[in-house]
Amino acid sequence: RKEVEQDPGPFNVPEGATVAFNCTYSNSASQSFFWYRQDCRKEPKLLMSVYSSGNEDGRFTAQLNRASQYISLLIRDSKLSDSATYLCVVNGEDSSYKLIFGSGTRLLVRP
Amino acid sequence: DAGITQSPRHKVTETGTPVTLRCHQTENHRYMYWYRQDPGHGLRLIHYSYGVKDTDKGEVSDGYSVSRSKTEDFLLTLESATSSQTSVYFCAITSGQGVFYEQYFGPGTRLTVT
């Protein structure tokens, strides 16, 4: 079983739609959770950190369910510019701030 | 922008040749990382550093070595490049501490081994 699992997609949605991605992680002791966005042939960029049950940033909402070991990302009112791959990321086991990355979920927003 | 640059940005090399990739940061971060990204595998940690001359292996360290002689520079060396090392290489730094930290990436180096 992978340490961080995501549906690879692609999710193909019209502009203005609401879309949700889920991610599951295997280590129940994980404390730090992140969503990154990666555009084609570019570096991953931090979208949101998730340190409690969840947080919201504009059209983006991240939620954490520790009991079920999953994290979700909700995008409301999708824009064409939201088209990208979204990476679910969880901290590694030691104190060296290592991260474990999911393989990503691809989102395509169409006009 | 976390002030991370990588060089070269693109490189084509032949099997068996040595290759060194450079990561440079301007903000005095203690922790630095090298990842590779391949289709179907996501980002995988190669090596990381927790200070000058302090480095350790990640999950895919075979065939790679690193050095950090200055806080700002973290070098990744492929001693004898193989075709399986064709990949995109990202450097990263960690900002913050405890459970409140974030990791930022450089622009990447696209390496092709022929």
Query raised in the report: Does B:Arg110 qualify as being in contact (Cβ under 8 Å) with a residue 40 or more places away in the chain, at the interface with chain A (Cβ under 9 Å from one of its Cβ atoms) and open to solvent by 10 Å² or more (accessible area, probe 1.4 Å)?
Result: yes
Query raised in the report: Counting only residues that are more than 16 Å from the chain's Cα centre (by Cα) and crowded, with 20+ Cβ neighbours inside 10 Å, how many does segment A:81-111 have?
Result: 2
Query raised in the report: Of all residues in segment B:1-46, how many are aliphatic (A, V, I, L, M), open to solvent by 60 Å² or more (accessible area, probe 1.4 Å) and under 16 Å from the mean Cα position of the chain (by Cα)?
Result: 0
Requested in this report: Evaluate the following for B:Phe90: is it among the hydrophobic types (A, V, I, L, M, F, W, C), open to solvent by 10 Å² or more (accessible area, probe 1.4 Å) and within 14 Å of another protein chain (Cβ to nearest Cβ)?
Outcome: no
**Report entry** The listed residue being polar (S, T, N, Q), within 13 Å of chain B (Cβ to nearest Cβ) and open to solvent by less than 20 Å² (accessible area, probe 1.4 Å), out of A:Ser78, A:Ser30
**Finding:** A:Ser30
Report task. For residues that are within 21 Å of A:Ser96 (Cβ to Cβ) and out of contact with any His (no Cβ under 9 Å at 6 or more places or on another chain), scanning just segment B:61-76, find the one that is surrounded by the most Cβ atoms within 10 Å (Cβ to Cβ). Result -> B:Arg68
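Name the strands (runs of 3 or more DSSP E) wholly within segment B:1-79 that hold at least 2 residues that are under 16 Å from B:Ile93 (Cα atoms)?
Values: elements: B:4-7, B:10-13, B:19-25, B:32-38, B:42-51, B:54-57, B:64-70, B:73-78.
Of the strands (runs of 3 or more DSSP E) lying wholly inside segment B:1-79, those with at least 2 residues that are under 16 Å from B:Ile93 (Cα atoms) span B:4-7, B:19-25, B:32-38, B:42-51, B:54-57, B:64-70, B:73-78.
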Report task. Select from segment A:25-49 the residues that are within 10 Å of the chain's Cα centre (by Cα) and closer than 17 Å to A:Gln69 by Cβ and list them in ascending order. Result -> A:Phe33, A:Phe34, A:Trp35
Query - Sole exception among (1) assigned to a strand (DSSP E or B); (2) small (Gly, Ala, Ser); (3) at pLDDT 95 or above for B:Gly96, by number - result: (3)
Query raised in the report: How many residues, within segment A:47-97, are aromatic (Phe, Trp, Tyr) and either at pLDDT 95 or above or farther than 19 Å from A:Asn27 by Cα (or both)?
Result: 2
Report summary line: Residue set A:Glu5, A:Glu15, A:Glu56, A:Glu43; condition within 12 Å of chain B (Cβ to nearest Cβ) and open to solvent by 60 Å² or more (accessible area, probe 1.4 Å); output residue A:Glu5
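The values are calculated or read from the model by the stated rules, or taken from the named source; none is laboratory data. Quantities reported herein were computed from a predicted structural model and do not represent experimental measurements. Note that we place each Cβ from the backbone using ideal geometry, even for glycine, and neighbour counts take in every protein chain shown. Quick note on the areas: whole protein, heavy atoms, side chains included, nothing else; ligands and nucleic acids left out. Shrake-Rupley method; radii C 1.70, N 1.55, O 1.52, S 1.80 Å.
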